[in-house]
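The next block holds one structure in the form of structure tokens; read it before the comments.
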Amino acid sequence: FSSGLDRSGLPRQRSFPGISFGRSMLQFQVECDTTPGQLVAVLGTGPLGDWDVRRALTLKPTRYPVWTGRIDDVPRDGVEFKYVLIDASGALVRWEKDGPNRQAGPHGKYAEKVI
């Protein structure tokens, strides 16, 4: 389909700064300077670890200091999350700054965040 729509007539993918929405995929992108041994992760509900830091989505430094990662099969009601710093063993170093949890999904909010 050259129109960019899938068989159901929905867009194949919509992109926003920081997060891209696919039919059932979320792609995360955040800019974060780290010290050696630190990693950036996304911790949240459902496929983002159910708030268990050991199961968080660890991002990859694709164009350091830009970190990216994705989850597939996003729940219909979306996810809530925060960006975190972890060490090489997966232990929590720190949360992103205070504030409400981020929301992403069909009806959630999106934003580029620098931590």
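GLY44 sits among other residues whose Cβ lies under 9 Å from its own Cβ, and their net charge, with Lys and Arg +1 and Asp and Glu -1, is 0.
The simple spin-label model puts a point 7 Å past each Cα toward its Cβ; for ASP73 and ASP52 those points are separated by 1.6 nm.
Projecting label points 7 angstrom from Cα along Cα→Cβ for ARG63 and ASN101 puts them 3.1 nm apart. Taking packing as the residue-averaged number of other Cβ atoms within 10 angstrom, the listed peptides 38-50, 85-97 run from highest to lowest as 38-50, 85-97.
Read-outs throughout are calculated quantities, based only on the coordinates presented, and are distinct from any laboratory measurement. Treat the numbers as computed from the prediction; the structure is a model and nothing was measured. Cβ: placed from backbone, ideal geometry, glycine included. Neighbour counts: every protein chain shown.
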